[in-house]
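Here's the structure we're looking at; comments come further down.
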Amino acid sequence: MILIVDDNQSNLYSLKKLLESKDFQVDTADSGEEALMKALKNDYALIILDVQMPDMDGFEVAETLAGYSKTKEVPIVFLSAVNTEKRFITRGYASGGKDYVTKPVDPEILMLKVKTFYNLQEQNIAMKKTQQSLELEVKGRRESQVTMKSQIDHFHLMLESLPQIAFTLNENGIVDFVNGKWYDYSDSEKNFPETHPDDDNIQEEFERCRKKGKSLDLEIRIKNRETGDFRYHLLRVTPVYEENAIKNWVGTFTDIDDQKKVEKEKDEFLSIASHELKTPLTSIKAYVQLLERKLKLDKESAEAGFLTKVQDQIEKLNTLITDLLDVSKIENGKLKITKKPVNLENVISNAIDTIVQTHESRVKIKRDGIKPDILIPLDAIRIEQVLINFLTNAIKYSPQNNQVIVTTFVDEEEQEVRVSVTDFGIGIPDFKQEAVFNKFYRVEESSLQFQGMGIGLFICSEIIKQHHGNIGVSSKVDEGSTFYFTLPLN
Ligand code: ADP
């Protein structure tokens, strides 16, 4: 909008009509005071100001307008009939005017000037708006930078107070922060701690995980700079996501050396104890068999019954010790598998027969699926051991139901065979299912009710791993479980 200020009503009228004919919005004021009031209240793109007015002349109005921040930028075009002398024109410019038009007004010249100033002012306003929004954005960014920095500082402070070695890496996998404990194992932020020559390379392992966007979990020995000792640490590096993209990584080294030593001592004890127990047990077994033969007892007699019970218990003890020996073999990497082409169906039926004989008529084992009458490279004794373990558990953990189903499925596409054992027993809670394959793990809810050491499934998983197959379970509490394993056909 344009404001025309003139004390002469007819001038006001004709100028207003002229400008309106060119589609400008026009406001008028017939005195300097009115002009000031209006200019402070409204936004004008241009003020056309008559110089000669009673009370407050145009120069005074322009000077006052130049003093207010709201109006100081509004361009002013002076109109004057007489004061065309140089000093008047100079004063006009000095008081804040942008141009000078003499009366009588030449409409074309006036329109040209009005258009120019109007456009300039419009551009000015638009630029100011852009500048304001830019300033706002910069301010916002600065504020969020300050908040982010204080958050990062707080995060670093927290990492500093951790008992572990802690560090962060940027999205490119470059270490960009380490806490003080880092320097017990590395001389520079740039280098990962030195690892034992027999262990994995941290940088390589991390790069492998970074490319897949997966976290890294590694048990590794790193060298303490002061003592020169290699200590076992659990290294964990986890991605931090922001809007579905990895922003950076957080890593920790937790010292597990003492735990490892205790674990090693325990494994050594286990290995010695099971070996030491095995020898006298073998003698006991042999002498009981000798006794049985020598006594030639009547099968129906109470003494024969006692002897059978002794033999059953010896067998149980034997299984326990053999399992313990297997565990120590696994620990020492000595559980060896000797594979040769075997008919899997024979292995399955042997295992079922063994279970049926030892449990008599108490169980019903149903055979389901297409029988894999094919030769598969496997260690028959070890695979039978896995099946017997699955079946024994299926019966043991189903006190109210004696039905067990053994299913087989040959997956031609995956080139593997899948064997599963289903029971309708107590089941396993979801979040504990994976752990049942861990050494000495027993589900707490059922551990008191059922006897066991929690090593059977650990041995099974190791046997299947050595056959390059998979092992797993799906289960529902109070409905039952299905334990399965797969074996590659070749
Ligand atoms: P154990 O049976 O000697 O405890 P395992 O290694 O064979 O050891 O099994 C580990 C744990 O898994 C068991 O203690 C039990 O809690 C759970 N489990 C195994 N099989 C079953 C099953 N068929 N149904 C329910 N729980 C099972």
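The values are calculated or read from the model by the stated rules, or taken from the named source; none is laboratory data. Bear in mind the structure is a predicted one, so any value in this text is a computation, not a measurement. Positions of Cβ are generated from backbone atoms using ideal geometry, with glycine treated the same way; all protein chains shown enter the neighbour counts. To get the accessible areas, we keep the full protein, side chains included, count just its heavy atoms, and leave off ligands, DNA and RNA. Shrake-Rupley method; radii C 1.70, N 1.55, O 1.52, S 1.80 Å.
Things worth noting here:
- Hey, Val421 more than 12 Å from the ligand (Cβ to nearest atom) and among the β-branched types (Val, Ile, Thr) or not: no
- Scanning segment 394-438 for residues that are of a type in the set (Gly, Ala, Ser) and within 35 Å of the chain's Cα centre (by Cα), we see that the one that is nearest to Ile352 (Cα to Cα) is Ser420.
- Scanning segment 459-486 for residues that are more than 29 Å from the chain's Cα centre (by Cα) and within 11 Å of the ligand (Cβ to nearest atom) gives Ile459, Cys460, Val477, Asp478, Glu479, Gly480, Ser481, Thr482, Phe483.
- Flag for Gln259 being under 43 Å from the mean Cα position of the chain (by Cα), modelled with pLDDT of 90 or more, loosely packed, with under 15 Cβ neighbours inside 10 Å and assigned to a helix (DSSP H, G or I): yes
- Residues in segment 283-327 that are open to solvent by 80 Å² or more (accessible area, probe 1.4 Å) and either among the hydroxyl-bearing types (Ser, Thr, Tyr) or at positive phi (or both): Tyr287, Lys296.
- The helices (runs of 4 or more DSSP H) falling completely within segment 376-490 that include 2 or more residues that are open to solvent by 20 Å² or more (accessible area, probe 1.4 Å) and in contact with a helix residue (DSSP H, G or I) (Cβ under 7 Å, 6 or more places away or on another chain) map to 380-396, 456-466.
- Here the condition is being more than 21 Å from Gly472 (Cα to Cα) and outside the structural domain of Asp323 (by TED's automatic domain parsing); of Asp373, Asp368, Asp423, it holds for Asp373 alone.
Yes/no matrix, rows are residues, columns are (1) open to solvent by 70 Å² or more (accessible area, probe 1.4 Å); (2) without any contact (Cβ under 8 Å) to a residue 24 or more places away in the chain:
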{"residue": "Asp27", "(1), (2)": "no, no"}
{"residue": "Asp30", "(1), (2)": "no, no"}
{"residue": "Ala35", "(1), (2)": "no, no"}
{"residue": "Lys38", "(1), (2)": "no, no"}
{"residue": "Lys41", "(1), (2)": "yes, yes"}
{"residue": "Ile47", "(1), (2)": "no, no"}
{"residue": "Met53", "(1), (2)": "no, no"}
{"residue": "Lys70", "(1), (2)": "yes, no"}
